[in-house]
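Asker: Sharing a structure here in structure tokens format.
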Amino acid sequence: MIVIDTDVLAVYYIYKWDKRYPIAKRVLEEDLGFSKATTIVNVLELSGIMALAQNNAKARKLFRELHSRLRILYWRSWPSQSLWVATLLKLLQRKLSLGDALVAWIVDEYAGEIDYLVTWNTKHFKGKVPVEVIEPKTLLEELK
């Protein structure tokens, strides 16, 4: 399974003028031999970006589209409030931002099922999650 980070999704869905758009398009549209997923954190983050960039109606539409197009990974279980904070504090010690820590938490839970975490922000995740972190262009080159 390939887990796609918000930056790749944002280029594909919002920033189509970005020079990286053709690569993002290939990652999302081509059959790469892996199922494709993202986390609920990425979906919410992207929906927020869409609401700011365009409008709330488009953000809601995008939220629904992502759920029909990709597998959305949620937390396998939701801990008590104190355990939630303790878990996040441990993740933040990996030198992750709050948003990246939330993504990393879900990636950790699905690590045995994930082949790649695809992001242009590899430095945010490399060595901080138990899966291979790879840039979209590198992924496409490796899977040729």
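Asker: Would you check if there is a residue in segment 70-81 being of a type in the set (Ser, Thr, Tyr) and touching a strand residue (DSSP E or B) at 6+ places or on another chain (Cβ under 6 Å)?
Answerer: No, segment 70-81 has no match at all.
Asker: Out of all the residues in segment 81-88, is one or more out of contact with any Phe, Trp or Tyr (no Cβ under 9 Å at 6 or more places or on another chain), under 24 Å from residue 136 (Cβ atoms) and part of a helix (DSSP H, G or I)?
Answerer: No, that holds for no residue.
Asker: Follow-up question, since we're still on this one. Mind listing just one residue for me: the one in segment 1-25 that is of a type in the set (Lys, Arg) and touching a Lys or Arg at 6+ places or on another chain (Cβ under 9 Å) and, of those, surrounded by the most Cβ atoms within 10 Å (Cβ to Cβ)?
Answerer: Among those residues, the one meeting the criterion is 20.
Asker: Only residues in segment 1-24 that are within 15 Å of residue 116 (Cβ to Cβ) and at pLDDT 95 or above count as the first member; pair them with residues that are among the small types (Gly, Ala, Ser) and loosely packed, with under 15 Cβ neighbours inside 10 Å, Cβ under 7 angstrom, at least 6 apart or cross-chain, and list the lot.
Answerer: 1/35
Asker: Considering only residues that are in contact with a strand residue (DSSP E or B) (Cβ under 9 Å, 6 or more places away or on another chain) and in a loop (DSSP other than H, G, I, E, B), look in segment 89-120 and name the one that is farthest from residue 1 (Cα to Cα).
Answerer: Per the stated criteria, the residue is 119.
Asker: Right, another one. Criterion first (part of a helix (DSSP H, G or I) and within 20 Å of residue 8 (Cβ to Cβ)) does residue 52 satisfy it?
Answerer: Answer is yes for this residue.
Asker: Residues of segment 79-118 being of a type in the set (D, E, K, R) and without any contact (Cβ under 8 Å) to a residue 12 or more places away in the chain, which ones?
Answerer: Residue satisfying the conditions is 90 alone.
Asker: Any idea how many residues of segment 45-58 are out of contact with any helix residue (DSSP H, G or I) (no Cβ under 8 Å at 6 or more places or on another chain) and either buried (at least 16 other Cβ atoms within 10 Å of the Cβ) or among the polar types (S, T, N, Q) (or both)?
Answerer: 3
Asker: So, one more: Go through segment 49-72 and report how many residues are of a type in the set (Gly, Ala, Ser) and closer than 20 Å to residue 118 by Cα.
Answerer: 1
Asker: Ok, one more. Considering only residues that are surrounded by 11 or more Cβ atoms within 10 Å (Cβ to Cβ) and under 18 Å from residue 44 (Cα atoms), which ones fall in segment 70-87?
Answerer: If the condition is that a residue be surrounded by 11 or more Cβ atoms within 10 Å (Cβ to Cβ) and under 18 Å from residue 44 (Cα atoms), then 70, 71, 72, 73, 74, 75 are the ones that fit.
Asker: Oh, and also: Which condition does residue 75 not pass, out of (1) among the hydrophobic types (A, V, I, L, M, F, W, C); (2) in a loop (DSSP other than H, G, I, E, B); (3) within 24 Å of residue 24 (Cα to Cα), if it passes all the others?
Answerer: (3)
Asker: Among the residues of segment 19-41, is there at least one that is under 10 Å from the mean Cα position of the chain (by Cα) and assigned to a helix (DSSP H, G or I)?
Answerer: Yes, there is a match, as at least one residue in segment 19-41 is under 10 Å from the mean Cα position of the chain (by Cα) and assigned to a helix (DSSP H, G or I).
The values are calculated or read from the model by the stated rules, or taken from the named source; none is laboratory data. The structure displayed is predicted, hence computed values, not measured ones. Glycine also receives a Cβ, built like all others from the backbone with ideal geometry; neighbour counts cover every protein chain displayed.
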